[in-house]
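Engineer: Below is the structure I would like to discuss, written out as structure tokens.
The values are calculated or read from the model by the stated rules, or taken from the named source; none is laboratory data. Because the structure is predicted, anything quoted here is derived from the model rather than measured. Here the Cβ is made from the backbone with ideal geometry for all residues, glycine too, and neighbour counts use every protein chain on show. For accessibility, only protein heavy atoms count, side chains too; no ligands or nucleic acids. Shrake-Rupley method; radii C 1.70, N 1.55, O 1.52, S 1.80 Å.
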Amino acid sequence: MPQRREDSSKKKRIQAVQTTLEIFEVLRERGGAGVTEIAREIDVTKGTVHNHLATLEANDYVIKDADETYHLGLCFLDDAHQAKSRVSTLGIARTEVDKLAERSGETALFTVEEHSVGVCLHVAYGEQAVQTPLHVGYRSELHHTAVGKAILAHLPEGRVQEIVDERGLAQQTDRTITDTDDLFETLEAVRERGVAYNEGETIQGLVGVGAPVTDQSGTVLGALSVIGPASRMGEDRLRGDLSEMIRRSVNVVEINLTSL
């Protein structure tokens, strides 16, 4: 999961809103929590937490079960639908992701960048797909995933540096890129060959190939990827059939985008 952003901008925040957001985060990460647990986690009084939760419950954003545990409400589903609907690329990308999963037998996904992290907007599973933490809305840093590196490689260099400064290069496995110069060298290679690879940099033994989706002006809109276990997705398959499969799918998406 991505780390919380530091308040590098020093912009003034409304504390009540910040507290509400921190409550949401606790409920999301823990799958539900009580007033005492939330208060301890975000370091505010139980009275403050209770008042926030009462307001959120009255507006359908949280629910309380019989044992006084609060959970995120299904109201968020409608919010999520509205948020996804503004990404015009998604409808076209979704079809190709489904085809990629079917053809490869593995997990396929479409990811975009927002607030300096990758956000998964669609994921599909082939017959042999392994279980991963991926789900729609899953957020991760860009430097250690195939989709992330595909996106970074097609952002302006200054923007990439901003993302690195803001998010850092956290190590996920012993193969994760943690040096800025190494990252920029890798991104140059991605631009040259048109695809990016994840060689066990996020989860040990999990590999992937990804490619960027760009518009006619060259602006990167997101990336497609196929991921799976290294035992099935060896070097030859990863850099051969799967890379070509990704390139064809990206080409279809980009052609269809011209009609939007």
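Engineer: Would you confirm whether or not segment 88-100 contains a residue that is of a type in the set (Ser, Thr, Tyr), open to solvent by less than 20 Å² (accessible area, probe 1.4 Å) and touching a strand residue (DSSP E or B) at 6+ places or on another chain (Cβ under 9 Å)?
Structural biologist: Taking every residue of segment 88-100 in turn, at least one turns out to be of a type in the set (Ser, Thr, Tyr), open to solvent by less than 20 Å² (accessible area, probe 1.4 Å) and touching a strand residue (DSSP E or B) at 6+ places or on another chain (Cβ under 9 Å).
Engineer: Let me ask something else. Please pick out the residue among VAL136, VAL123, VAL112 that is within 28 Å of GLY168 (Cβ to Cβ), among the hydrophobic types (A, V, I, L, M, F, W, C) and in contact (Cβ under 8 Å) with a residue 60 or more places away in the chain.
Structural biologist: VAL112
Engineer: Something else about it: Please enumerate the residues belonging to segment 135-167 that are within 11 Å of the chain's Cα centre (by Cα), crowded, with 16+ Cβ neighbours inside 10 Å and assigned to a loop (DSSP other than H, G, I, E, B).
Structural biologist: The answer is TYR138, GLU141, LEU142, THR145.
Engineer: While we're looking at this one, here's another question. LEU206 - would you say it is touching a Phe, Trp or Tyr at 6+ places or on another chain (Cβ under 8 Å), open to solvent by less than 50 Å² (accessible area, probe 1.4 Å) and not small (Gly, Ala, Ser)?
Structural biologist: no
Engineer: Can you tell me how many residues within segment 231-248 are small (Gly, Ala, Ser) and either assigned to a helix (DSSP H, G or I) or within 21 Å of the chain's Cα centre (by Cα) (or both)?
Structural biologist: Going residue by residue through segment 231-248, those that are small (Gly, Ala, Ser) are 231, 234, 240, 243.
Filter once more, keeping what is either assigned to a helix (DSSP H, G or I) or within 21 Å of the chain's Cα centre (by Cα) (or both): 243.
Looking only at that region, the number is 1.
Engineer: Checking VAL213 against (1) touching a Lys or Arg at 6+ places or on another chain (Cβ under 9 Å); (2) buried (at least 22 other Cβ atoms within 10 Å of the Cβ), which single condition isn't satisfied?
Structural biologist: Only one criterion in (1) touching a Lys or Arg at 6+ places or on another chain (Cβ under 9 Å); (2) buried (at least 22 other Cβ atoms within 10 Å of the Cβ) is unmet by VAL213, namely (1).
Engineer: Could you check segment 170-193 and list, in sequence order, the residues that are in a loop (DSSP other than H, G, I, E, B) and open to solvent by less than 30 Å² (accessible area, probe 1.4 Å)?
Structural biologist: At the first step, the residues of segment 170-193 found to be in a loop (DSSP other than H, G, I, E, B) are 170-179.
Residues satisfying the conditions are ALA170, THR173, THR176, ILE177.
Engineer: Moving on to the next point. Checking ALA124 against (1) open to solvent by 20 Å² or more (accessible area, probe 1.4 Å); (2) at pLDDT 95 or above; (3) over 20 Å from GLU201 (Cα atoms), which test does it fail?
Structural biologist: Only one criterion is unmet by ALA124, namely (1).
Engineer: Out of all the residues in segment 106-115, is one or more touching a Leu at 6+ places or on another chain (Cβ under 8 Å) and open to solvent by 30 Å² or more (accessible area, probe 1.4 Å)?
Structural biologist: yes
Engineer: Also, quick follow-up: Does GLU68 qualify as being among the acidic types (Asp, Glu), free of Cβ contacts under 8 Å to residues at least 60 places away in the same chain, surrounded by fewer than 16 Cβ atoms within 10 Å (Cβ to Cβ) and in a loop (DSSP other than H, G, I, E, B)?
Structural biologist: yes
Engineer: Go through segment 17-50 and report how many residues are outside any helix (DSSP H, G or I) and either open to solvent by 40 Å² or more (accessible area, probe 1.4 Å) or more than 18 Å from GLY73 (Cα to Cα) (or both). Don't jump to the end; show me each part of the working.
Structural biologist: Here is the first cut: in segment 17-50, the residues outside any helix (DSSP H, G or I) are 31-34, 43-45.
Add one more test, that the residue is either open to solvent by 40 Å² or more (accessible area, probe 1.4 Å) or more than 18 Å from GLY73 (Cα to Cα) (or both), and what stays is 31, 43-45.
Residues that pass the stated criteria total 4.
Engineer: Tell me, yes or no, whether segment 90-108 has at least one residue that is in contact with a Phe, Trp or Tyr (Cβ under 9 Å, 6 or more places away or on another chain) and either in a strand (DSSP E or B) or at positive phi (or both).
Structural biologist: yes
Engineer: Separate question: Mind telling me which of the residues GLY210, GLY218, GLY228 ends up being in contact (Cβ under 8 Å) with a residue 24 or more places away in the chain, in a strand (DSSP E or B) and under 30 Å from ARG86 (Cβ atoms)?
Structural biologist: Selected residue: GLY210, the only one of GLY210, GLY218, GLY228 that is in contact (Cβ under 8 Å) with a residue 24 or more places away in the chain, in a strand (DSSP E or B) and under 30 Å from ARG86 (Cβ atoms).
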